[in-house]
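Coordinate-derived values only; no laboratory data. This structure is a prediction, so every number in the text was calculated from the model and none was measured. Quick reminder, even Gly has a Cβ in these numbers, built from the backbone with ideal geometry, and neighbours come from all protein chains shown.
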Ligand SMILES: NC(=O)c1ccc[n+]([C@@H]2O[C@H](COP(=O)([O-])OP(=O)(O)OC[C@H]3O[C@@H](n4cnc5c(N)ncnc54)[C@H](OP(=O)(O)O)[C@@H]3O)[C@@H](O)[C@H]2O)c1
Ligand SMILES: NC(=O)c1ccc[n+]([C@@H]2O[C@H](COP(=O)([O-])OP(=O)(O)OC[C@H]3O[C@@H](n4cnc5c(N)ncnc54)[C@H](OP(=O)(O)O)[C@@H]3O)[C@@H](O)[C@H]2O)c1
């Protein structure tokens, strides 16, 4: 029979430190909760940041290991200063539209940090185990280290690839064999972890642990590589929850409440968030990970026999100027063309002519949730003008003209009436219910879901071909000349 | 410097027992979550019950204290059997409308159980403390015992009084001096707990602990006594969360995860639930505890100059028979008159004549949330006929006749248009928007909130005075005779 | 002060579990519709019957007659709370079954 | 099997805290509107930067040069995650301020 012996030396400092960790955990929880409501979100972010500051400060002040306080304090403060300066400037300077990339990088840093900690703790633990003679195969600290290393490594490598893809530095690879390679890597990772667990203490040669590190990095790359660039927000969210789990492993290792709770909170809420994101796009997580959809959407290939109506710039200008109510539906193309400022200009111009201009925002328009909000905010469009999808649809019948700028899937009627369509069931903005529709895009090309859009052939619809930016420029000029 | 030494003897049984406790806690959480959604509520109750069964079974099988297993097993099983038989039969036999009383009794039993445990553990702990020589004033186990005793005692006594009031065995006392007495008792309780904490081990004479028990019981009585009988559902919910905390004290004492989590879960969710209940009545918890409202509602005393229209039974019968759409709005009076079956009879009769009959259910009609649902379900009214308040209000303009049976506050227009009214802001059923209104009640007496109801003087309104049961009886007879 | 700190360190895990459960209890029921208030109260009432475990433990180690009697009583009371609580809740919720078929 | 049971008993409190936090993480964000998905992800991203505490601890007890270098790197990376994460989130959420004045 074994005895589990937990000895804790009481000092006031340790107690205060533990208190600070619990308080930090509570702040994380409250912060996360507030982050998920629009009115309190910004404030919630500050709560969480306060918890973090508390935990960091008290760790430096009061942490003890075997009666020894934290040393190397100048170095630590130096590192904190460098990290703060770089992180702050990078986060402040980055363009609004490049924020997902930024999140991906920061996420990767966290993963790398977790992996480094594990890499450093492993040899130490092996030594002490060699001395004490480990008895159980299922050794908690070893397990935490190995998991932290693996998951942190995968998260780091994956985040870097996700960053590259979002920044369009890395293209998409579409090859189904990668799927099998990934399964193989995953299996190897598991086998390696089991071997190390069984063999431990592994003794002087820590080769296995380096092998594990390498494998984790390789797997991280090959996991993200085949996923389409447009799905990166979902992948980042997933990797985010991975890093959370890696951080929690550290918490388990050090028996540190703040790390444990903080990490697990992010792990679980991040996973749910990933699923919610997929749901908003009417897809499953598996579908996102295993590969892009749409390649098999052949059912709607009968578009050839339909006619597409074009509208001239001057006709469009007249139509808009003499409308009472105009709804702008922005999409991914607006972001690509960087035409948000021109869009706002059009809005101001029309408003000055007595036209009521609103924006209809689909929740997954663009390539990340909230993409359109970010984009239009950058152009100083007042929030009051942005209608959510349901509001927009409610007002549709009274709307004279809907201008669809670089959007496609989010105004596709197939989501409503074509059960064979991959986007069937996704709520969309029902532009076709308005009196007139103008669609601005460069060609008849498909959108993200790679399916035909019957709206373009709708009798009410008028195409205005060309790059969104130049078309808008010309349109604004036309209206001014009227 | 002190050393905290936690020694746990490992045996497979203990580990399994701890697992079962954690599993039970998870089942409680899931159960509670499912209980709060209509579709899963019943199933959630079963989840929680499964967790409970698990925890009880594994405790009997595997619990050990100082290497000793649970003894007296025949007695324990006997007690379990008695409790199960009595509890089951009582719960099955009780009338639907007497359920709140039942909940109150069961809640009291839990409180008493917690108090008894503390009473038995206290002398044992004192002995062992006397031997070991306690060093710290803030002794966790003593604290848990004292809290468990006090809170359990208050909850027991309070629940019994609440039961008596609901069952109309105990009347209301309205005296403001009781408030001061209560404050005094509360202070005494705190002082006594502090004294015992400081003095411990208190030695052979456990008089102080008996005094504490007595005081807790007295406080429980005097706490509930002055609160109006109609507010008992709120009070029971509050006492329910008290018992939860008492159970958690036991969990702290025995370092038992299931008791700790289960108790705290009930404690926190019960408190929130109490607040939600108060909100649904547009009142604050403090307002409920400190005293009934309405006494100061003098602003609307200008009712004398308005005329009340009465309607004869035969006119009412004709009006109803030749309507297309009738909405029945039940209230507390329906429960008092026990007229739910007749109400259903009227419904069936009218439906057979081609009238569309629906029920408009206000969430706080009656004296407990869901009271009307319970009542009408007893009379086998199909659920599809019950409209929630919003639905009912949406259909109001197309409704020919609204029959208000024993309801008052929930159809009071003052909630909408009189900012000085104590119920201002509470959502109500807008009976006055229908084409005709018939109100059945015995007199012009006020309802629960003790305020005038302008609906009764509304031009569209017709009063049909009398006890709901006999009025309905006569009305049904009239309609049959048409 | 020292006592408080020692107390905290000694019970920090229990304290933390209490805090987490507190939040969880609130979060889990925060979207309950008002028609479920009473059944939920009743269900929660049954859950705090978990105090019966304490009663079983005391009873299981009772030596003298007084403890036996009190323990016996405590187990009965606890069982009443548990069994009565769950059964009453189930009866209340029985009535929501039909509602389901409506959706 | 025995190993598993021993492991469980040894870490039961941590395991339980993990379970509670799991539930809490899910409950707390379960009603997030889709427009907050990205800021929430970013905020959560900053929170897992709590791993920096581990980095500080390793660094604080580093003796040899290699550990010093790795520890230094780890602290920098962790800080990047924390500071960058919170600041980016704040910037994203800045845009929701105006929305508030609407209500
Ligand atoms: N929001 C998210 O979180 C998220 C994440 C991942 C995926 N998605 C998916 O992305 C899609 C979003 O729908 P969406 O309607 O916004 O975009 P979309 O369906 O991808 O369509 C974008 C359209 O913009 C046009 N376009 C591109 N560049 C343009 C330019 N410079 N000027 C004018 N037009 C241009 C393209 O047509 P031309 O080539 O003919 O110009 C294209 O059809 C949905 O399927 C959604 O599920 C969303
Ligand atoms: N549901 C809950 O959870 C809860 C809990 C506590 C308090 N409350 C409060 O209770 C009130 C509920 O509103 P309510 O409209 O249902 O009830 P109410 O406002 O209390 O009115 C009930 C009416 O029924 C009449 N009545 C009594 N016995 C009757 C009989 N035998 N036959 C016919 N009529 C009879 C009474 O008038 P006569 O004397 O003239 O007949 C009385 O005006 C609200 O103020 C609510 O805030 C609700």
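What is the order of D:38, A:40, A:351, fewest Cβ neighbours within 10 Å to most?
Values: D:38 26, A:40 18, A:351 13.
With the fewest neighbours first, D:38, A:40, A:351 line up as A:351, A:40, D:38.
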Closest to the B-onto-A rotation axis, which residue of chain B has its Cβ, and how many Å off the axis is it? B:6, 2
Fraction of alpha-carbon pairs over 18 Å apart in the range C:1-60 - percent: 60
At q = 0.12, 0.16, 0.17 Å⁻¹, the log10 of I(q)/I(0) for the range B:69-185 from a Debye sum over equal Cα scatterers comes to -0.67, -0.98, -1.03
Kindly identify chain C as rounded, prolate or oblate by the Cα gyration tensor criterion: order the square roots of the eigenvalues as a ≥ b ≥ c, call it rounded if a/c is under 1.5, otherwise compare a/b with b/c, prolate if a/b is larger, else oblate. oblate
Percent breakdown of C-alpha pair distances by 10 Å bin, ordered from the shortest bin, for the range B:336-465: 12, 45, 37, 6, 0
If the label for residue A:480 sits 7 angstrom from Cα along the Cα-to-Cβ line, what are its distances to the same label in every other copy, in nm to one decimal, shortest first? 8.5
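Using helices alone, I'd like the mean residue ellipticity at 222 nm for chain D: each DSSP H run of four-plus residues gives -39500 (n - 2.57), total over residue count, nearest 500. Working shown, then result.
Details: 7 runs with 78 residues, N = 103.
Computed mean residue ellipticity for chain D: -23000 deg cm²/dmol.
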So, relative contact order of chain B in percent, Cα under 8 Å, 6 or more apart, is 13
Can you give me the relative contact order of the range A:313-481 as a percent, contacts being Cα pairs under 8 Å and 6 or more apart? 28
Which angle from 0 to 90°, rounded to the nearest 10, does the C-alpha axis of helix D:85-94 make with the longest principal axis of chain D? 10
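Set the Förster radius R0 to 25 Å, insert the Cβ-Cβ distance between residue D:94 and residue A:341 as r into 1/(1 + (r/R0)^6), and round the FRET efficiency to 0.05.
Details: r = 18 Å, r/R0 = 0.74.
In this case the efficiency is close to 0.85.
Express in nm, to one decimal, how much length is gained between residue B:181 and residue B:460 on full extension, taking 0.36 nm for each residue of separation and deducting their alpha carbon distance.
Details: separation 279, 0.36 × 279 = 100.44 nm, distance 4.94 nm.
Stretched fully, the residue B:181-residue B:460 segment lengthens by 95.5 nm.
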What fraction of the Cα pairs in chain B, stated in percent, has a spacing above 34 angstrom? 46
If you fit an axis through the alpha-carbon atoms of helix B:468-481 and take the longest principal axis of the Cα set of chain B, what angle between them do you get, 0 to 90°, nearest 10? 40
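Can you give the direction-averaged projected area of the convex hull of the alpha-carbon atoms in the protein assembly as shown, in nm²?
On the way: hull surface 205.8 nm².
Directional mean of the projected Cα hull area for the protein assembly as shown stands at 51.4 nm².
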What is the distance in Å between the Cα centroid of the range B:1-56 and that of the range A:454-482? 63
Gyration tensor on Cα atoms of the range A:97-294, a ≥ b ≥ c root eigenvalues, a/c under 1.5 rounded, else prolate if a/b beats b/c, else oblate, says prolate
Distances in nm, one decimal, shortest first, from residue B:174 to the same residue in every other copy, taking the label point 7 angstrom along Cα→Cβ. 7.9
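When a/c reaches 1.5 or more, the comparison of a/b and b/c decides; with that in mind, is the range A:199-268 rounded, prolate or oblate per its Cα gyration tensor?
Oblate is the answer for the range A:199-268, as a/c is 1.5 or above yet b/c matches or exceeds a/b.
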What average count of beta carbons from other chains do you get within 10 Å of the Cβ of residues in A:277-285? 1
Helix B:340-352 against the longest principal axis of chain B: what's the angle in degrees, Cα atoms only, rounded to the nearest 10? 40
What FRET efficiency would be calculated for the residue pair residue B:318, residue B:443, taking the C-beta separation as r and a Förster radius of 22 Å, to the nearest 0.05? 0.30
Calculated log₁₀ intensity ratio I(q)/I(0) where the Debye formula runs over C-alpha points of the range A:1-93, q = 0.11, 0.16, 0.20 Å⁻¹: -0.48, -0.85, -1.05
Suppose only helical runs count, i.e. DSSP H with n ≥ 4. What mean residue ellipticity at 222 nm does that imply for chain B under -39500 (n - 2.57) per run, divided by all residues and rounded to the nearest 500 deg cm²/dmol? -19500 deg cm²/dmol
What is the spin-label model distance, in nm, from residue A:65 to residue A:81 if the labels are put 7 Å beyond Cα along the C-beta direction? 2.4
Within 10 Å of the Cβ of an average residue in B:17-29, the count of other chain Cβ atoms is 5
May I ask you to report, in nm to one decimal and beginning with the shortest, the distances from residue D:63 to the same position in the other copies, taking label points 7 Å along Cα-to-Cβ? 5.2
Using a Gaussian network model of chain D with C-alpha springs under 10 Å, which one of D:50, D:82, D:35 is most mobile by mean-square fluctuation? D:35
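At R0 = 45 Å, how high is the FRET efficiency between residue B:380 and residue B:57 if r is their beta carbon distance? Nearest 0.05 is fine. Walk me through the intermediate numbers first.
Numbers: r = 38 Å, r/R0 = 0.85.
Taking R0 as 45 Å, the efficiency between residue B:380 and residue B:57 is 0.75.
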quick shape note, the range B:350-396: Cα extents on principal axes in Å, largest first -> 33, 26, 14
